[in-house]
Amino acid sequence: MFEQSGYYLYNGVIMKIVIVEDEKQQQKLLASYISKALDEKKIPCEVKIYSDAETFLNEYEKGTSIVFMDIELPGINGMHASKRLREMDNEAILIFVTNMAQFAIQGYEVDATDFIVKPINYYSFSMKLEKALRILSKRNPTKTILLPFHGEEKAIATSDILYVEVVNHDLFYHTIQAEYKVHASMKKAIEMLQGLPFSRCHIGYLVNLAHVKEANKSEITLSNGEVLSMPRTRRKEFLADLANYLSGGKN
């Protein structure tokens, strides 16, 4: 369900996630955990479930973001399936789901990001998924967000956002092309742009660091020439974020 705070579309499309697991109960559990975690972050996803590795490999589509792979599978086991996966796709994030922790170390051979030991609990799962999302964010620093605008969903590239301004209970997304008004809190904007190079120079402004042209002790100048005030209380943190961004770090 679409909410006014908007949500991410990774690379402009719905995130694709695959579960390769032969146990029905585990399939349902993983799918429910994925749905819960991504719904909280307003990230829409498409989840495909396979009960065996052979079918998964035959139907595999490049562009898949995350693969949750059980190691113990009928026929081709998860480790061998992962080696074949890497022959087709080096980009998909691979997370092993297993009750055999002693074999998870082999995951380094196939560039696995992490592993989850059964029985799975939601807290542990959400931490592993958060790690995967951070990796995806670093690979793709520009995302597309959808905002409700005049009764429709407006797609906006985050790289085009100059800054977000809060006025009372409304947000104003100032972009290179236009300005969009959304009824939401600054907290929602911060959550939605988390992991991207945005920082607050003022309690009312969330600024895209990529568009900062100049900064002094009391104000910043954006790429479009607009000047925003920067009080002393925000100066240290904002300038540190800006320096980190300019040095090639991640905000």
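The values are calculated or read from the model by the stated rules, or taken from the named source; none is laboratory data. A quick note: this is a predicted structure, and the numbers were derived from the prediction, not measured. FYI the Cβ positions are ideal-geometry reconstructions off the backbone, even for glycines, and counts take in every protein chain you see. When the accessible area is computed, the model is the full protein with side chains, heavy atoms only, and any ligands, DNA or RNA have been set aside. Shrake-Rupley method; radii C 1.70, N 1.55, O 1.52, S 1.80 Å.
Brief remarks on what is shown
- Residues that are assigned to a helix (DSSP H, G or I) and surrounded by fewer than 16 Cβ atoms within 10 Å (Cβ to Cβ) within segment 28-62 comprise LYS28, SER32, SER35, LYS36, ASP39, GLU40, GLU54, THR55, ASN58, GLU59, listed in sequence order.
- Qualifying residue in segment 155-173 (condition: open to solvent by 70 Å² or more (accessible area, probe 1.4 Å), closer than 28 Å to LYS36 by Cα and in a strand (DSSP E or B)): no
- Against the conditions (1) open to solvent by less than 70 Å² (accessible area, probe 1.4 Å); (2) more than 24 Å from LEU146 (Cα to Cα), LYS217 satisfies every one except (1).
- Any pair with Cβ under 9 angstrom, 6 or more apart, that starts in segment 127-151 at a residue that is at pLDDT 80 or above and ends at one that is open to solvent by 50 Å² or more (accessible area, probe 1.4 Å) and of a type in the set (Phe, Trp, Tyr): LYS128/PHE115; LEU146/PHE2; PRO148/PHE2
- Qualifying residue in segment 170-182 (condition: of a type outside the set (Gly, Ala, Ser), modelled with pLDDT of 90 or more, over 18 Å from GLU226 (Cβ atoms) and touching a strand residue (DSSP E or B) at 6+ places or on another chain (Cβ under 9 Å)): yes
- Positions within segment 192-251 being more than 21 Å from TYR173 (Cα to Cα), under 27 Å from the mean Cα position of the chain (by Cα) and part of a loop (DSSP other than H, G, I, E, B), in sequence order: SER247, GLY248, GLY249, LYS250
- Pairs are defined by a Cβ separation below 8 Å, a sequence spacing of at least 6 or placement on different chains, a first member in segment 175-188 that is under 17 Å from THR144 (Cβ atoms), and a second member that is part of a helix (DSSP H, G or I) and open to solvent by 20 Å² or more (accessible area, probe 1.4 Å); the pairs so defined are THR175/ASP160; ILE176/ASP160; GLN177/ASP160.
- Applying the condition of being more than 14 Å from MET100 (Cβ to Cβ) and of a type outside the set (A, V, I, L, M) to segment 68-81 and asking which residue is least open to solvent (accessible area, probe 1.4 Å) yields PHE68.
- Only residues that are open to solvent by 60 Å² or more (accessible area, probe 1.4 Å), outside any helix (DSSP H, G or I) and either modelled with pLDDT under 50 or not β-branched (Val, Ile, Thr) (or both) were counted in segment 4-15, giving 1.
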